[in-house]
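Participant: I'd like to ask some things about the structure below.
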Amino acid sequence: MTQLIFSRRVPDQLAPNRITIARQRCAGNFIDLTVSNPTECRFDYPPDLLPPLAEPAGLSYRPDPLGLVWAREAVSALSGELGAPVDPAHIVLTASTSEAYTFLFKLLCDPGDAVLVPTPSYPLFEHLARLEGVRALPYALCEEGGWSLDLDEFSTAPPEVKAVVIVHPNNPTGSLVREEDAAALESLCATRGWALIADEVFYSFPLETASIPRSFARCESTLTFTLGGLSKLAALPQLKLAWIITSGPPPARRAALEKLEFIADTFLSVATPVQHALPSLLQHGARVRDQIRHRCRHNLAELRRLLALLPAVSVPAVEGGWSAVVRVPSLGSEEDLILSLLEQFGVAVQPGYFFEFPRDGYLVVSLLPTIDEFSLGAQRLAAGLGTWLGAG
Ligand SMILES: Cc1ncc(COP(=O)(O)O)c(C=O)c1O
């Protein structure tokens, strides 16, 4: 019956996996180093953050499909601070980065077309593409080069490919795209006629990097869509506002914006009050951003300190973002290790396979928990890994 009625865009198998079931069984009796929701991590949100949402201007409904100019000007000012001043007319507001992806897949792909997505990376690409009738074709980042781009990966791309997705810095590897790789990718996209979709939701969270390569929002040589949003930048995922910055050769950029306006007009999905409040949210959100940067740096140092006692375990450099990868020798199934850490040592971390790492032996740790909680979780992780390695 199910197969007769429902589309293949939604997976058939939606049952919880072994880890989810084990977490339910543990009923919260563990330190959660998988948390990615900043509103659950006890940051001090300034009291002046929310009042602008109640401004009377929010009572009037005069939608602009691309987003209210006032809000787009705020994004433009922000992108200026990040080193890439952008004309507000080149910005499109959406309700989330996820929605931005769906708009871009509608814009660029017919059903059956494909987009190239990095691995290891954010696991939602597969679903976002599939829900639009689009295939997400993985390309591998090169671990030896610090999860860098390898352009040879693109040489066998089929003709249905319409775009390349890049995450800068990548989640969860924390790797930034180097200037020379960015330039090479831009020129490849221009040659092959592919659009470039650059996810920069973590761009404002540098960790272990001497310099931050430029934002893709400055790319002019090929049609480029650079994504950002309040969910990470101001740690406000519940307010539902993100943006697409469109750049590239003017004729392509103009055509893309005209069509994006049509798509956005069909939904008009961004609420008016949050658009009016955006300048203030971006200004006051900077205080939460600073706390997150500070906490991530602190927790990363603590993780390194505790895991240094285990020579077989390493924590590769994290150039930016909210998570760290822990590399462990693969002595058995990653899932068994995760379950043992959870059930015997009381700490939850993500398995690497969740992010499509190339093999077993990668754990992903969120750097967002409070300093005390993180320290306790990392101690349990070190104890659990010590036992696992001793037994292996
Ligand atoms: C790389 C990346 N892009 C996008 C998102 C989602 O952003 P939004 O909440 O704006 O949909 C996430 C969330 O973790 C992410 O890791």
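The values are calculated or read from the model by the stated rules, or taken from the named source; none is laboratory data. Predicted, not measured: the structure shown is a model, and the values here were computed from it. Positions of Cβ are generated from backbone atoms using ideal geometry, with glycine treated the same way; all protein chains shown enter the neighbour counts. Just the protein is used for accessible areas: all its heavy atoms, side chains included, with ligands, DNA and RNA removed. Shrake-Rupley method; radii C 1.70, N 1.55, O 1.52, S 1.80 Å.
Participant: Given the conditions (1) crowded, with 18+ Cβ neighbours inside 10 Å; (2) in contact with a Lys or Arg (Cβ under 7 Å, 6 or more places away or on another chain); (3) over 27 Å from Ala71 (Cβ atoms), and given that Ser247 satisfies all but one, which numbered condition is not satisfied?
Facilitator: For Ser247, the exception is condition (3).
Participant: Kindly list, by first and then second residue, each pair from a residue in the range 330-352 that is open to solvent by 20 Å² or more (accessible area, probe 1.4 Å) to a residue that is in a loop (DSSP other than H, G, I, E, B), limited to pairs with Cβ atoms under 7 Å and residues at least 6 apart or on different chains.
Facilitator: Pairs that qualify, where the first residue is open to solvent by 20 Å² or more (accessible area, probe 1.4 Å) and the partner is in a loop (DSSP other than H, G, I, E, B), are Ser330/Arg359; Ser330/Asp360; Ser330/Gly361; Leu331/Gly392; Gly332/Gly392; Ser333/Asp360; Gln350/Thr34.
Participant: Do we find a residue being closer than 23 Å to Phe357 by Cβ, within 18 Å of the chain's Cα centre (by Cα) and within 12 Å of the ligand (Cβ to nearest atom) anywhere in the range 177-189?
Facilitator: Looking through the range 177-189, none of the residues is closer than 23 Å to Phe357 by Cβ, within 18 Å of the chain's Cα centre (by Cα) and within 12 Å of the ligand (Cβ to nearest atom).
Participant: Residues that are surrounded by 19 or more Cβ atoms within 10 Å (Cβ to Cβ) and under 25 Å from the mean Cα position of the chain (by Cα): does the range 6-21 have at least one? Outline the logic, then answer.
Facilitator: If we filter the range 6-21 for residues that are surrounded by 19 or more Cβ atoms within 10 Å (Cβ to Cβ), which is where we start, we get none.
Within the range 6-21 (the criterion being surrounded by 19 or more Cβ atoms within 10 Å (Cβ to Cβ) and under 25 Å from the mean Cα position of the chain (by Cα)), the answer is no, since none of the residues qualifies.
Participant: Under the condition of being hydroxyl-bearing (Ser, Thr, Tyr) and in a helix (DSSP H, G or I), which residue from the range 269-295 is nearest to Leu230 (Cα to Cα)? Talk me through it step by step, then tell me what you get.
Facilitator: Step one: list which residues in the range 269-295 are hydroxyl-bearing (Ser, Thr, Tyr), which gives 269, 272, 280.
With the extra rule that they be in a helix (DSSP H, G or I), the set shrinks to 272, 280.
Working: Thr272: 15, Ser280: 12 Å.
Ranking the candidates gives Ser280 first.
Participant: When only residues in the range 78-130 that are out of contact with any strand residue (DSSP E or B) (no Cβ under 9 Å at 6 or more places or on another chain) and either near the ligand (Cβ under 10 Å from one of its atoms) or without any contact (Cβ under 8 Å) to a residue 12 or more places away in the chain (or both) count, which is farthest from Ala163 (Cα to Cα)?
Facilitator: Glu81
Participant: Ok, one more. Could you tell me whether any residue of the range 200-212 is within 16 Å of the ligand (Cβ to nearest atom) and under 15 Å from Tyr101 (Cβ atoms)? Even if it seems obvious, please write down each step before you answer.
Facilitator: Quick first cut of the range 200-212, residues within 16 Å of the ligand (Cβ to nearest atom) only: 200-207.
Narrowing further to those that are under 15 Å from Tyr101 (Cβ atoms): 200-201.
Yes: the range 200-212 contains one or more residues that are within 16 Å of the ligand (Cβ to nearest atom) and under 15 Å from Tyr101 (Cβ atoms).
Participant: OK, next. When you go through Gly174, Gly146 one by one, which is the residue that is at positive phi, buried (at least 24 other Cβ atoms within 10 Å of the Cβ) and under 20 Å from the mean Cα position of the chain (by Cα)?
Facilitator: Result of the check over Gly174, Gly146: Gly174.
Participant: More than 26 Å from Phe354 (Cβ to Cβ) and not hydrophobic (A, V, I, L, M, F, W, C) - does that describe any residue in the range 94-102?
Facilitator: No: the range 94-102 contains no residue that is more than 26 Å from Phe354 (Cβ to Cβ) and not hydrophobic (A, V, I, L, M, F, W, C).
Participant: Here's something else I'd like to know. Check Pro38, Pro52, Pro63, Pro46 and return the single one that is on the phi < 0 side of the Ramachandran plot and open to solvent by 40 Å² or more (accessible area, probe 1.4 Å).
Facilitator: Pro63
Participant: Turning to a different aspect of this structure: Can you find even one residue in the range 301-313 that is within 16 Å of the ligand (Cβ to nearest atom), in contact with a Ser or Thr (Cβ under 9 Å, 6 or more places away or on another chain) and either part of a helix (DSSP H, G or I) or modelled with pLDDT of 95 or more (or both)?
Facilitator: No, the conditions are met nowhere in the range 301-313.
Participant: Scanning the range 145-163 for residues that are assigned to a strand (DSSP E or B) and over 24 Å from Leu233 (Cβ atoms), which turns out nearest to the ligand (Cβ to nearest atom)? Working first, answer last.
Facilitator: As a first pass, look at the range 145-163 and keep what is assigned to a strand (DSSP E or B): 148, 161-163.
Checking which are over 24 Å from Leu233 (Cβ atoms) leaves us with 148, 161-162.
Working: Ser148: 17, Val161: 20, Lys162: 19 Å.
In this case the residue turns out to be Ser148.
Participant: I would also like to ask the following. Could you please let me know if Ala195 is free of Cβ contacts under 8 Å to residues at least 24 places away in the same chain and assigned by TED's automatic domain parsing to the domain that holds Ile166?
Facilitator: For Ala195, the condition - free of Cβ contacts under 8 Å to residues at least 24 places away in the same chain and assigned by TED's automatic domain parsing to the domain that holds Ile166 - is not met.
Participant: For the structure I just gave you, tell me whether Ile166 is in the same structural domain as Ser76 (by TED's automatic domain parsing) and within 11 Å of the ligand (Cβ to nearest atom).
Facilitator: For Ile166, the condition - in the same structural domain as Ser76 (by TED's automatic domain parsing) and within 11 Å of the ligand (Cβ to nearest atom) - is met.
Participant: Residue by residue through the range 7-28, note down the ones that are hydrophobic (A, V, I, L, M, F, W, C) and not in a helix (DSSP H, G or I). So that I can check it myself, show each step before the final result.
Facilitator: Narrowing the range 7-28 to residues hydrophobic (A, V, I, L, M, F, W, C): 10, 14-15, 19, 21-22, 26-27.
Passing the criteria: Val10, Leu14, Ala15, Ala27.
Participant: I would also like to ask the following. For the range 298-317, how many residues meet the condition of being closer than 18 Å to Leu368 by Cβ and in contact with a Phe, Trp or Tyr (Cβ under 9 Å, 6 or more places away or on another chain)?
Facilitator: 4
For (1) over 25 Å from Gln238 (Cβ atoms); (2) open to solvent by 20 Å² or more (accessible area, probe 1.4 Å); (3) not β-branched (Val, Ile, Thr), each residue gets a yes or a no:
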position	(1), (2), (3)
Val274	no, no, no
Ala277	no, no, yes
Gln291	no, yes, yes
Leu307	yes, no, yes
Phe355	no, no, yes
Tyr362	yes, no, yes
Gln379	yes, yes, yes
Gly386	yes, yes, yes
Gly390	yes, yes, yes
